[in-house]
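This is the structure I want to talk about, given as structure tokens.
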Amino acid sequence: MKVEIKQKPALRVGTIRHMGSYMQINEAFKRLGGIAEREGLFKLKGAQMLGIYHDDPESTPVDKLRSDAGIIVPGDVRLPAPLVEQRLPAGSYACTLHVGPYEGLGDVWKGLLGEWIPSSGFRVEGLGYELYLNMPGTVPKEELRTEICVPVKRS
């Protein structure tokens, strides 16, 4: 697994909460996409879809897993209902790129959090996210590009 430590900017994100299996967050993304399209959010500078994952699926019951489908929006834009604002801090992030179907993302998370982080000299310092660099429907699923970013500090 190739991991880079990157300095990421602070992000303001309009989100829709999903409770349950991370593999079913696509329903929240469908709702988010409809709102973002209707409200013109995709046309805004820097607009990009991302997913925020709050809980460890290895230790949290599936029905208690919290995740958020989100879109990055500039600070001066009013968020339409029912989007909820979340802020992701700037800082050092351990980042890795996954190319391929979203079904493979769980294994990448396991490798990053379960193998790379423990042996890296870093510790996790906050919420990780997936940044979707392209979208289904625009490329074949084998060409989907997702950057996984986890905030870290030296141990």
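Every number in this text was worked out from the coordinates using simple rules, so none of it is lab data. Just so it is clear, the structure is predicted and the values come from calculations on it, not from any experiment.
Can you tell me the relative contact order of the chain? Whole percent, Cα pairs under 8 Å, sequence separation 6 or more.
Over the chain, the number comes to 30 percent.
Could you work out [θ]222 nm for the chain from helices alone, using -39500 (n - 2.57) per DSSP H run of at least four and dividing by all its residues? Round to the nearest 500 deg cm²/dmol. Please list the in-between numbers first.
On the way: 2 runs with 21 residues, N = 155.
The helix-only estimate for the chain comes to -4000 deg cm²/dmol at 222 nm.
Taking only the Cα atoms of the chain, how large is their convex hull per residue, in Å³?
109 Å³
Could you sort out which of K8/K43; K8/K141; K6/K64; K8/K153; K45/K141 sit more than 20 Å apart by Cα distance in this structure?
K8/K43; K8/K141; K6/K64; K45/K141
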